[in-house]
Amino acid sequence: MTDLPLDQVRTLLAVADEGTFDAAAAVLHVTPSAVSQRVKALEQRSGSVLVTRAKPVRLTESGQVVVRFARRLAALEHEARAELGMTDEPVRVPIAVNADSLATWFLPALANVPDVCFELHREDQDHTTTLLRDGRVMAAVTSSSAPVQGCSVRLLGLLRYLPLASPAFAARWLTGSLREDLARAPVVVFDRRDDLQDAFVRSLGGRGASAARHFVPASEVFVEAVAAGLGWGMVPEVQAASRPGRFESLAPDRPVDVPLYWQQWRLDLPALSTVATAVADTAALALRSGA
């Protein structure tokens, strides 16, 4: 890695962050041709294709390695410049976090961290580690306890979900066997990667939720869709509690607890350590204990 020219490495990082060569050129105040030449030179030096030329660009596995290096380098360089009094700009920390955490407990944790600018990437908790792996973020809230290579992991707690519906919806659709009713009743899901509802029906012995499903990819709007009677869904306990009288529990004795972990790069960076502590402290108050 020490043989990789730093201007070329920084250029690849800009391409990865901005998504296109043109956008990276604007950020770096150079021409798109210069960006292309630097990336090509870096590919020749590394002996690997680093990006797939698409819109947005996609990093190859080799590209992910270089971008992880570039992001670490940028963070350490900023720390050194700050200690030398050469900059008073806040450090930027990119984090991947799931939508339900964003809508409930996560943001107050960040409010407790001064002098840091956050770049938040919203992603399903089952997929946030992908962004860690490809170098787009330095830390992630994830449901995976298996550490990404080069990362540490700690349990934050359990986010409890409840199978809920509006009283009117329950009266219309849920009149017999819960497993059979949920196989035909309309369901609200976050997006096509949201497996919580299907997993709940499978836990009852069914094959999955109904094919009649509404896709609502926003946490607060998802909860409102369930409350409005579009379908049933798995709602975070804390969001249900803030709407008394609007939900009926489909199975009071069958909550679903999703473990959430904090994974971060093993990097001696004070700002990242401060963020990790703030997130863990807030999670300890907001989430159920995983002990």
Next on the checklist: I want to verify a result. In a Gaussian network model of the chain, Cα cutoff 10 Å, which of these has the top mean-square fluctuation: Val201, Val27, Val137?
Outcome noted: Val27
Checklist entry - Among Leu4, Leu28, Ala80, whose Cα sits farthest toward the positive end of the charge dipole of segment 1-89 (+1 at Cβ of Lys/Arg, -1 at Cβ of Asp/Glu, about the Cα centre)? => result Leu4
Checklist outcome for this item: If R0 = 35 Å, then Ser62 and Ala280, at their Cβ-Cβ distance, give a FRET efficiency to the nearest 0.05 of 0.55
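Tell me what the chain gives for mean residue ellipticity at 222 nm when only DSSP H runs of n ≥ 4 count, each as -39,500 (n - 2.57), the sum divided by the residue total, rounded to 500 deg cm²/dmol.
-13000 deg cm²/dmol
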Item to check | Using a Förster distance of 22 Å, the FRET efficiency for Glu180-Arg243 (Cβ separation, nearest 0.05) | outcome: 0.20
Checklist entry - Mind checking which of Leu159, Leu204, Leu42 has the largest fluctuation in a GNM of the chain, springs on alpha carbons under 10 Å? => result Leu204
Item to check | From phi via Karplus (6.51, -1.76, 1.60), per-residue ³J(HN,Hα) for segment 80-86 in Hz, x at Gly/Pro | outcome: 5, 5, 5, 5, 8, x, 8
Checklist entry - Quick one: net charge of Val148's neighbours, Cβ under 13 Å, K/R +1, D/E -1? => result +3
Checklist outcome for this item: Of segment 175-208, those with amide N under 15 Å from the point 7 Å along the Cα→Cβ vector of Val221 are 188-192
Item to check | Cβ-Cβ FRET estimate between Ala168 and Asp126, R0 fixed at 41 Å, reported to 0.05 | outcome: 0.80
Checklist entry - Along the charge dipole of segment 91-291, Cβ charges K/R +1 and D/E -1, which of Trp173, Gly229, Gly150 sits furthest on the positive end? => result Trp173
Next on the checklist: Please compute the length gained on full extension between Arg53 and Ala80, using 0.36 nm multiplied by the number of residues separating them and subtracting their Cα-Cα distance.
Outcome noted: 6.3 nm
Item to check | Residue-span extension gain [Arg154 to Arg192] - 0.36 nm each, minus C-alpha spacing | outcome: 10.9 nm
Next on the checklist: Is there a quick way to get the dipole size of segment 112-264? I mean about its Cα centre, with the Cβ of Lys and Arg at +1 and of Asp and Glu at -1; what is the value in debye to the nearest 20?
Outcome noted: 340
Next on the checklist: Using Cα springs under 10 Å in a Gaussian network model of the chain, which residue among Arg160, Arg92, Arg184 shows the largest mean-square fluctuation?
Outcome noted: Arg184
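Bear in mind these aren't lab numbers, they're just calculated from the coordinates by the rules spelled out. Everything quoted here is computed from the prediction, not taken from an experiment. Positions of Cβ are backbone-derived with ideal geometry, glycine not excepted, and every protein chain shown enters the neighbour counts.
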